[in-house]
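The values are calculated or read from the model by the stated rules, or taken from the named source; none is laboratory data. Small disclaimer: the values here were computed from a predicted structure and weren't measured. Virtual Cβ from ideal backbone geometry, glycine too; neighbours counted across all protein chains shown. Areas reflect the complete protein model, heavy atoms only, side chains present, ligands, DNA and RNA absent. Shrake-Rupley method; radii C 1.70, N 1.55, O 1.52, S 1.80 Å.
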Amino acid sequence: VDNRNCPIGAEVLLRWEHPKHGLILPNRFIPLAEDIGLIVPLGLWVLETACAQLKIWQNEASACGLTLAVNVSSKQFRQPDFVAKVQQAILASDINPSHLKLEMTESIVLENVEDTIAKMLELKLLGISFSMDDFGVGYSSLSYLKRLPLNQIKIDQSFVRDITSDPNDAAIVQTIIEMTKTLGLSVIAEGVETEAQRKFLDMRGCHFFQGYLFSKPVPIELFEKLLKKH
């Protein structure tokens with residue numbers, strides 16, 4: 001949401017409804033999917049499903065302006081045909097690609113910087129935007145950051161959690177916000193759970209927020225009801 005509390009987008013999150021064990025979170029099944037080689041087809045399914053959802057939203061007044069963010073795994077991004085697969089998903093669903101945002105972590109970006117930049121530039125030509133997820137918790141290189149065709153930086157929730165009580169976290173967040181301004185990037189804070197955190201961020205120049213203060217992760221049907229209610 002923005003600083004007027006208006007929804008501007010959503011992030012796709014995976015949950016596994018297991019018949020015996022109930023709801024299983026991604027921190028348990030994503031590493032397994034990576035180990036056994038399922039992460040690439042799983043990632044493609046998520047991308048295609050997200051594009052199909054954007055197609056539905058294009059005709060709904062409450063959702064037609066939303067951006068949908070999809071997390072991309074390292075193995076998925078490194079596939080030689082990744083750009084082609086994304087393009088196919090966009091064309092098949094006939095969506096406005098400017099409503100699709102791909103989120104990548106620092107570790108993905110820094111694996112092979114030249115390949116990363118080349119693929120990102122190809123995808124940006126299609127109209128897709130990019131966000132760097134969990135910024136500040138990896139091994140950021142500012143020399144690379146200025147070269148990457150990013151649109152947005154996401155401030156990691158580990159810095160947001162104690163932002164109103166820990167001077168170090170507050171200083172880190174303030175620095176990230178100022179840096180994004182200098183680089184001409186948008187900035188969004190994740191893990192916002194209290195009004196005090198939201199106000200603190202807004203006063204310092206971060207005007208986009210994501211977190212439990214606004215909604216916990218919910219199934220798509222409930223999400224759409226919340227949108228219409230809003």
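At-a-glance table
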{"read-out": "Segment 43-68 - residue that is out of contact with any Ser or Thr (no Cβ under 7 Å at 6 or more places or on another chain) and small (Gly, Ala, Ser) and, of those, modelled with the highest pLDDT", "value": "ALA50"}
{"read-out": "First in segment 44-61 and within 15 Å of PHE82 (Cβ to Cβ), second anywhere and among the hydroxyl-bearing types (Ser, Thr, Tyr) and surrounded by 17 or more Cβ atoms within 10 Å (Cβ to Cβ), Cβ under 8 Å, 6 or more apart", "value": "GLU48/SER93; CYS51/SER93"}
{"read-out": "Strands (runs of 3 or more DSSP E) fully within segment 13-72 counting 2 or more residues that are over 30 Å from ASP2 (Cβ atoms) and open to solvent by 40 Å² or more (accessible area, probe 1.4 Å)", "value": "16-18"}
{"read-out": "Selection status of SER98, touching a residue at least 60 places away in the same chain (Cβ under 8 Å), farther than 22 Å from ILE39 by Cα and not basic (Lys, Arg)", "value": "no"}
{"read-out": "Filter result for LYS85 (touching a strand residue (DSSP E or B) at 6+ places or on another chain (Cβ under 6 Å) and of a type in the set (Lys, Arg))", "value": "no"}
{"read-out": "Qualifying residue in segment 212-230 (condition: under 18 Å from MET104 (Cβ atoms) and open to solvent by less than 80 Å² (accessible area, probe 1.4 Å))", "value": "no"}
{"read-out": "Candidate set from segment 165-180 (those that are within 24 Å of LEU150 (Cβ to Cβ) and among the hydroxyl-bearing types (Ser, Thr, Tyr)); member that is least open to solvent (accessible area, probe 1.4 Å)", "value": "THR180"}
